[in-house]
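The values are calculated or read from the model by the stated rules, or taken from the named source; none is laboratory data. Remember, it's a predicted structure, so these values are computed and weren't measured experimentally. Ideal geometry is used to build each Cβ from the backbone, glycine not excepted, and the neighbour counts take in all protein chains shown. SASA here: full protein model, heavy atoms, side chains in, ligands and nucleic acids out. Shrake-Rupley method; radii C 1.70, N 1.55, O 1.52, S 1.80 Å.
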Amino acid sequence: MEDKIRKYVEYHFRFKKGKEKDELVEEVYTNLLDRFNALKEDYGDEEKAYRETIARMGDFSKIEADDNPEYSLLPRVYDVGLIVALALSVFGLVAIFLHSSLAFILTVVSIVIFVASAYYIYHKAQYEKNVNGDIDTFHLYLDKSFSYLKTVFIFWALTFTILLGLLFAGIFTFMSGVNNAMEAFSSPGQLVLAYLLSFLVAAALIGGLFYLIYTKIMEHYRYISGKSHLEGSFQKGLGMLRLQRNTVDLSKAIKLFVPWFMLLIVVISLMAPMMIRIGSIRLVAEGPALTMMFELIQPRYFFSGGLLLIAYAFTLYSIINSIRHEGQKLFLVLISMLGTSAAFIIVDKIVDIVSDTRRLTYPSQPDSLNILIIGSIITAAYLIFLRIKGFSSRKTE
Amino acid sequence: MELTGDLLRGHTDMILLGILSRQDSYGYEINKKIEVVSSGAFVLTEATLYTSFKRLEKKGLVSSYWKSSDTGKRRKYYSITPLGRTTLESLEISWVEAKQIIDAFI
């Protein structure tokens with residue numbers, strides 16, 4: 001019975017650490033043992049005495065919450081720092097569609113905040129180990145700062161890849177000696193190819209760079225922590241800021257995020273300009289794709305605007321469907337976005353033929369077609385990423 | 001009897017200091033004494049006792065030390081400090097005053 005009481009007390013204070021824990025356990029244990037022996041004499045029944053002893057222990061939760069960093073009621077500054085850095089990295093990526101400078105600034109700020117927080121936590125961890133000899137807290141802090149690394153790295157890499165890709169595409173244009181990106185290419189197909197190439201090169205460069213840095217850092221982590229593997233992420237971070245340790249279903253959360261993100265991209269592409277030039281006269285001046293589509297539903301253009309309309313409708317439908325099914329059927333979303341991009345190109349060609357011009361011009365700002373293509377690339381990359389991770393992402397219902 | 005317990009709870013510090021002012025003691029012994037003297041009206045849980053002692057120690061009213069018994073068990077003993085004694089005195093005075101005032105009403 002002595003062991004049983006001791007085990008109970010030890011379990012009760014399992015979150016406390018160090019010398020303080022040992023003394024607390026010792027004190028409570030001896031007192032409970034004395035009480036148990038007294039009750040055993042009174043009742044003559046060991047089980048009854050044990051139950052009452054445990055019942056008389058009372059509520060230590062206020063003490064338990066005291067210096068356990070995991071149960072701290074207020075988030076520490078560095079916890080907030082890491083989360084903010086993560087949020088900014090996501091916004092940075094999304095901001096690309098608004099303004100590339102904004103995206104760049106947000107990402108840089110995210111990096112700064114992250115580095116500052118992670119650095120602070122890292123040294124706090126070392127302090128706990130070297131000064132207090134507290135290995136458990138050392139691991140706790142270490143894991144905290146390193147587990148965010150993977151996630152923020154991905155977002156930073158994505159943002160820089162796209163920015164660099166846009167830069168390369170811009171260089172293509174510049175080298176052709178024209179102002180307008182679209183005039184640099186003799187066909188929309190070449191344009192798409194050039195953009196794709198730029199992005200692939202950028203992805204290889206940035207991806208390679210970030211991967212290298214990440215591996216180096218994780219090597220260091222493995223060396224100092226003695227652990228071979230670390231579970232990344234969002235999940236842990238969210239759990240730490242909460243009072244109860246509910247774990248967020250990570251795969252579900254991400255799967256739900258992507259369709260909403262895609263919805264945002266499609267809506268932006270609908271608002272973005274789509275300009276068609278007929279001969280020397282513009283059909284309509286730089287209108288948003290939404291209105292242009294309806295302009296093109298005329299017999300003269302073989303109702304090709306209708307094709308675009310249907311393509312967009314189907315894309316929206318597949319995205320909403322994906323949201324309703326919690327991130328499933330993302331492949332269908334990808335197909336529909338690529339289909340809409342293809343529809344754009346087809347409509348293009350039709351208008352081209354009808355109006356008998358050799359070339360078509362597009363505005364050099366990111367326009368509907370470009371946005372859709374970028375969105376498709378991101379979706380495709382994400383699906384590949386899911387595959388590699390081994391989550392189930394189903395192709396059909 | 002239950003009301004009594006509630007009334008006494010507000011004076012836990014004073015009671016603990018009072019017990020310690022006579023002699024050093026440890027958790028269970030103190031708890032048992034309170035139970036016996038109050039005829040079971042006042043029963044403290046281990047947690048309440050521990051938090052009270054922690055609080056008193058933080059204020060510098062008691063101090064603690066470890067002592068091994070003959071059976072080899074290590075127990076944490078508490079003893080009252082000079083500051084604790086003076087505090088107890090003022091608490092006693094407040095208590096007597098309060099008692100007089102209440103007595104005047106009932």
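Quick look at the numbers
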| item | result |
| --- | --- |
| Shape of chain B, Cα gyration tensor, a/c cut at 1.5 | oblate |
| Projected label distance in nm at A:K48 and B:E92, using a 7 Å step from Cα toward the beta-carbon | 4.1 nm |
| Exposure of A:L307 as accessible area (Å², to 10), given a probe of 1.4 Å and all protein chains | 80 Å² |
| FRET efficiency estimate (nearest 0.05) - Cβ-Cβ, B:D6 to A:N37, R0 30 angstrom | 0.55 |
| Shielding of B:27-36 by partner chains, average beta-carbon count, 10 Å | 3 |
| On Cα atoms only, tilt of B:12-22 relative to the major axis of chain B in degrees | 60 degrees |
| Nearest-ten-degree value, helix B:82-105 long axis tilted from longest Cα axis of chain B | 30 degrees |
| Simple label model, 7 Å out from Cα along Cβ direction - A:K21 to B:E35, nm | 2.9 nm |
| Largest to smallest accessible area among A:D45, A:D59, A:D34 [probe 1.4 Å] | A:D59, A:D45, A:D34 |
| Chain B: relative contact order in percent, alpha carbon pairs under 8 Å with at least 6 residues between | 29 percent |
| A:V90 - accessible surface, heavy atoms, 1.4 Å probe, Å² rounded to 10 | 20 Å² |
| Crossing angle, helix B:46-59 versus chain B [Cα axis fit, 0-90 degrees, rounded to tens] | 90 degrees |
| Average partner coverage of A:21-32, which counts Cβ from other chains inside 10 Å | 5 |
| Protein accessible surface hidden between B and A, which excludes ligands and nucleic acids, total in Å², probe 1.4 Å | 1800 Å² |
| Exposure ranking of B:W95, A:W260, B:W66 by accessible area [1.4 Å probe, largest first] | A:W260, B:W95, B:W66 |
| Candidate residues B:R55, A:R6: accessible-area rank, largest first, probe 1.4 Å | B:R55, A:R6 |
| Expected 222 nm ellipticity per residue - DSSP helices of 4 or more, -39500 (n - 2.57), all of chain B, to 500 | -20500 deg cm²/dmol |
| Peptide B:68-79, shielding by other chains (average Cβ, 10 Å cutoff) | 2 |
